[in-house]
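A short write-up of the structure that comes next.
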Amino acid sequence: MNDEKQPTGPLRGIKVLDASTILAGPLTAQILGDFGAEVIKIEHPQKPDGMRGHGLDKDGIPLWWKMVARNKQTITLNLGTPDGQQIFRDLAAEADVVIENFRPGTFERWGLSYAELSSRNPGLIMLRVTGFGQHGPYAKRPAFGTLVESMSGFAHLTGQPDGPPTLPAFGLADSIAGVAGSSAISMALFERERNGGTGQEVDLDLLTPIMTAVGPGVIYADQLGIDQERTGNRSQNNAPRNLYRTKDDHWVAISTSAQAIAERVMRLVGHPEVIDEEWFATGRTRAEHADLLDTYVGGWIAERTRDEVTSVFEEAGAAVAPVYRPSDLLTDPQVVATDMVTTVEDSELGPMRMQNVMWRMTRSPGAIRHTGRPAGADTDKVLTDLGRSPEDIDDLRARGVI
């Protein structure tokens with residue numbers, strides 16, 4: 001893969017302006033770029049994107065950026081200046097999608113509202129990513145993934161029953177919203193094609209996607225008047241379901257969402273008698289006997305190594321998986337065989353491995369054409385394509401517009 005590789009995915013020919021930062025908006029744009037869209041990433045000339053300062057670096061070069069900014073051209077543009085705003089309008093006039101995640105009202109204050117941009121480009125789709133949406137009493141609150149992970153019910157349900165609520169160690173809410181954003185834009189593009197070429201605004205808040213992912217808690221609260229409580233690594237929906245320590249001090253995960261799998265597990269660990277119990281017939285009632293089932297399963301696993309457990313479970317057609325560190329993914333046979341982690345050539349650091357595109361399509365696959373670039377690497381090219389002269393570009397740079 002190299003910088004000259006041309007897009008071949010289903011979104012080739014779609015042009016995206018990514019004026020968003022940390023993390024949902026940029027991930028949305030990354031996914032669109034992975035599947036062929038031409039993405040132009042906009043950063044402030046004096047304040048590079050905050051994602052460049054997130055996570056670890058190598059030789060001063062940010063590593064997370066290499067993934068989330070892949071397949072994007074990077075330009076610098078000060079949207080707080082009249083000249084910067086005019087350049088953005090000119091870029092948006094030729095774009096299919098704009099992604100922004102400023103506080104509601106900011107783009108309007110800059111003269112970059114959807115009404116303004118779509119007056120020149122009626123087919124424009126504008127994804128607006130915020131913590132709580134464009135309207136309502138929380139609309140202008142600053143919000144990050146941590147806050148909506150707390151509000152969504154996720155933190156309340158996560159952790160041990162006798163411990164505190166627990167937050168994820170990574171950008172869960174933003175990541176879920178980023179995937180949701182790519183789906184929303186794809187739907188909007190499809191709707192535009194079917195209905196006369198007119199675009200629309202898409203209002204994406206961070207709270208709704210993770211609240212959906214958390215599950216049926218809202219329905220339970222509404223219909224039954226109850227709130228689910230923390231169950232640690234157990235589930236209220238099935239058992240045995242937990243993490244179990246092996247003889248060689250590794251951990252494995254067991255899930256028995258399907259009744260047939262639950263029966264196979266209990267036969268495997270030497271306790272087929274429980275299968276005939278009335279309470280074993282459903283996942284919910286099995287979960288009421290989790291202590292007993294965990295004793296049987298956990299005791300059997302504790303006498304065997306991780307490799308022994310996974311091998312025997314696989315032979316029996318029962319569901320098991322090891323608890324991996326990220327480094328384990330680099331050598332896992334399934335990950336390697338399907339190229340879930342792929343090698344990309346980076347212009348600054350050489351070959352690097354990173355997560356591949358999220359799904360495999362037989363006729364129009366996505367691809368990583370290049371990794372995230374240095375700040376402003378494509379400014380001159382993009383502005384030249386927009387019709388700006390070298391002298392004009394030099395002047396804009398001297399005045400801090402780019």
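The values are calculated or read from the model by the stated rules, or taken from the named source; none is laboratory data. Just so you know, these numbers come straight off a predicted model, no measurement behind them. No Cβ is skipped: glycine too gets one built from the backbone with ideal geometry, and neighbour counts run over all protein chains shown. Just the protein is used for accessible areas: all its heavy atoms, side chains included, with ligands, DNA and RNA removed. Shrake-Rupley method; radii C 1.70, N 1.55, O 1.52, S 1.80 Å.
The table below lists the values:
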| quantity | calculated |
| --- | --- |
| With eigenvalues of the C-alpha gyration tensor scaled by 5 and rooted, the stretch 1-148, Å | 23, 21, 15 |
| Per-residue SASA entry for Ser150, accessible area with 1.4 Å probe, Å² rounded to 10 | 60 Å² |
| C-alpha long axis of helix 24-34 to longest principal axis of the chain, angle in ° | 80 degrees |
| Carbon plus sulfur fraction of accessible area for the stretch 1-122, probe 1.4 Å, in percent | 51 percent |
| Lysine-lysine proximity count for the chain, Cα under 19 Å, sequence distance 8 or more or distinct chains | 15 |
| Accessible-area value, Asp332, 1.4 Å probe, nucleic acids and ligands omitted, Å² | 30 Å² |
| With at most 15 neighbouring Cβ atoms within 10 Å, loop chymotrypsin sites (Phe, Trp or Tyr not before Pro) (DSSP) excluded, longest segment of the chain | 171-323 |
| Within a Gaussian network of the chain (alpha carbon springs, distance under 10 Å), most fluctuating of Gly376, Gly387, Gly111 | Gly387 |
| Sum of side-chain charges, Lys247 neighbourhood, beta-carbon under 11 Å (Lys, Arg +1; Asp, Glu -1) | -2 |
| The stretch 61-122: GluC sites (Glu not before Pro) falling in loop per DSSP and having at most 16 other Cβ within 10 Å | Glu94 |
| Kirkwood Rh, Cα atoms: Rg over Rh of the stretch 189-239 | 1.25 |
| Taking all pairs of distinct alpha-carbon atoms in the stretch 149-277, Kirkwood radius in angstrom | 18.3 Å |
| Residues with amide H under 5 Å from that of Val202, placed H, sequence gap 5 or more | Met126, Leu127, Arg128 |
| In Å, descending, principal axis extents of the Cα set of the stretch 87-173 | 58, 24, 18 |
| Net charge of Cβ neighbours under 15 Å - reference Asp332; Lys, Arg +1; Asp, Glu -1 | -1 |
| On Cα atoms only, tilt of 259-268 relative to the major axis of the chain in degrees | 50 degrees |
| Within-14-Å neighbourhood charge of Pro168 [Cβ basis; K, R +1; D, E -1] | -2 |
| 0 to 90° range, to nearest 10: angle between helix 306-316 axis and the chain longest Cα axis | 80 degrees |
| The chain, Cα convex hull volume normalised per residue, Å³ | 182 Å³ |
| Inter-site label distance for Ala115 and Asp248 at 7 Å from Cα along Cβ, in nm | 6.7 nm |
| Over the chain: helical MRE at 222 nm, DSSP H runs n ≥ 4 each giving -39500 (n - 2.57), nearest 500 | -10500 deg cm²/dmol |
| Compactness of the stretch 211-364, expressed as Rg and Dmax over alpha-carbon positions, Å | 19.5, 63 |
| Antiparallel bridges, percent of DSSP beta bridges restricted to the chain (to nearest 5) | 40 percent |
